[in-house]
């Protein structure tokens, strides 16, 4: 059964202040076709505000989606017909026929309705509303389906029979709210008319069940398909089980959710027949975008080429005596959650003979993204100090001989990160000629911007011992290196 919560319906208000939920089938806005419409009447608990304020009415009408067909839409069910679910104001104790017709006439004007295919259903108080509206306006509807009706209209039953209005009622024989005899008497009254209706009104009684039978009626019978098999003014009853033939049992399987790039799925249906065998299987797509189907005449359906969105597939089975039954399964295809990460580049590994260096990092964002943050950290190595840790360019100083590993982490505007590492080897070929580690912080050999301070450096040089034991001044070599660092700083 369909349970995914992604289908939508819109709260609207008629010109005379009646709130209703409107569901349009997929593709409605992309064509000029006329569609069948199902009017669904709720029970007593879903009655709403008496306010005339449109905002208050729209807020109140959301309560209608707590039960029945609009609830199924709320939780992802898609239908090939328009579904209109009006809300009865709490000032009314029952559904007046004229109240219902105001909604019907409104949607006739505002939507592309196939007026030969207007169907009426309702549960509990709404079931009673179906009877009241049908006997008052029997020429409007193509078929009706009252569920656990809260009342009947026996005295006017022949209005239904006179128009051959197809009728299928449902009730539980343990209903403690409204006796199932209410439905029995109404169906019998319709069928007792002269001439008899064609087709005869029918009634399904659920043994052992109480008042809340609407899920069973709407989901486990084929009543919605049955409604749609009729057009006003024609008699096209769908095949029904004979007294000696029970309906088959069918399941289209559990609902499924896919995430792209996975765009195919196998759906395994099952079916059995309590008094015979399953003769045929037939799969169809009843809602959703384009897809490729194979295995449509077997119990297993293979679906491919799915796109992001919601789909509904229907399995209809027929037994060896011609009785058929259907079940739907939902397939939700989600967009890909894969996020392309940026590319971080911490620069080439290097070997230096000085105690400071610049590392020049860079980053490339994925298409349509931008780099928002840079962060340098030291992964390993002896002690050192760092400036400009939040820019692409890192200045590392106070470096002792040894091997250092620094990491550049970048973050894009979607919060996706990437990292790269660079290795710096500080050699011992020279003495520690610039003793920055012994100076106060404000005396470091850099200017206020972090660049090498040549003047201060040349004044602070020491004599160092070369590997061969000779002593020499490092001033010339160090100043040259400092100049190169200054140039790299300015260029970077």
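Please treat every number below as a calculation from the coordinates, not as lab data. The model shown is predicted, which means the values in this text are computed figures rather than measured ones. Here Cβ is always computed from backbone atoms with ideal geometry, including for glycine, and neighbour counts include all displayed protein chains.
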Margin query: If every alpha-carbon in region 140-230 counts as one equal scatterer, what log10 I(q)/I(0) does Debye give at q = 0.12, 0.16, 0.18, 0.24 1/Å?
Written below: -0.34, -0.61, -0.76, -1.21
Notebook entry, point to check: Taking a ≥ b ≥ c as the square roots of the eigenvalues of the Cα gyration tensor of region 279-321, is the shape rounded (a/c under 1.5), prolate (a/b larger than b/c) or oblate?
Noted result: prolate
Note to self: Given R₀ = 56 Å, what would the calculated FRET efficiency be for residue 196 paired with residue 414, taking r from the Cβ atoms and rounding to 0.05?
What the structure shows: 0.25
Check: Can you work out the FRET efficiency for the pair residue 375 and residue 335, with r the C-beta to C-beta distance and R0 = 22 Å, to the nearest 0.05?
Finding: 0.15
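How would you rank 148, 158, going from fewest to most other Cβ atoms within 10 Å of each one's own Cβ? Intermediate values should be presented prior to the final figure.
On the way: 148 30, 158 18.
Result, fewest neighbours first: 158, 148.
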Check: What nm distance separates the two modelled labels at residue 421 and residue 390, each placed 7 Å from Cα along Cα→Cβ?
Finding: 2.6 nm
Item checked: Footprinting exposure proxy for 280, 52 (fewest neighbouring C-beta atoms within 10 Å first) -> 52, 280
Check: What are the extents of the Cα atoms of region 105-158 along their three principal axes, listed from largest to smallest and rounded to whole Å?
Finding: 33, 22, 16
Item checked: Sorted largest first, extent of region 249-334 alpha carbons per principal axis (Å) -> 44, 19, 17
Notebook entry, point to check: According to the Kirkwood expression over distinct Cα-Cα pairs, how big is the hydrodynamic radius of region 296-430, in Å?
Noted result: 19.4 Å
Check: Taking a point 7 angstrom from the Cα of residue 264 along the C-beta vector, which residues in region 295-323 have backbone N less than 11 Å away?
Finding: 302-306
Item checked: Stretchable slack from residue 53 to residue 28, in nm (0.36 nm times residue separation minus alpha-carbon distance) -> 6.1 nm
Notebook entry, point to check: With contacts defined as alpha carbon pairs under 8 Å and 6 or more residues apart, what's the relative contact order of region 10-228 in percent?
Noted result: 18 percent
Next item on the list: Evaluate region 9-143: find the radius of gyration of its Cα atoms, find its Kirkwood radius, and give the ratio Rg to Rh.
Entry: 0.93
Next item on the list: Using the number of other C-beta atoms within 10 angstrom as an exposure proxy, rank 149, 335 with the fewest first.
Entry: 335, 149
Margin query: If each residue of separation counts as 0.36 nm, what is the full-extension length gain between residue 405 and residue 367 once their alpha-carbon separation is subtracted?
Written below: 10.7 nm
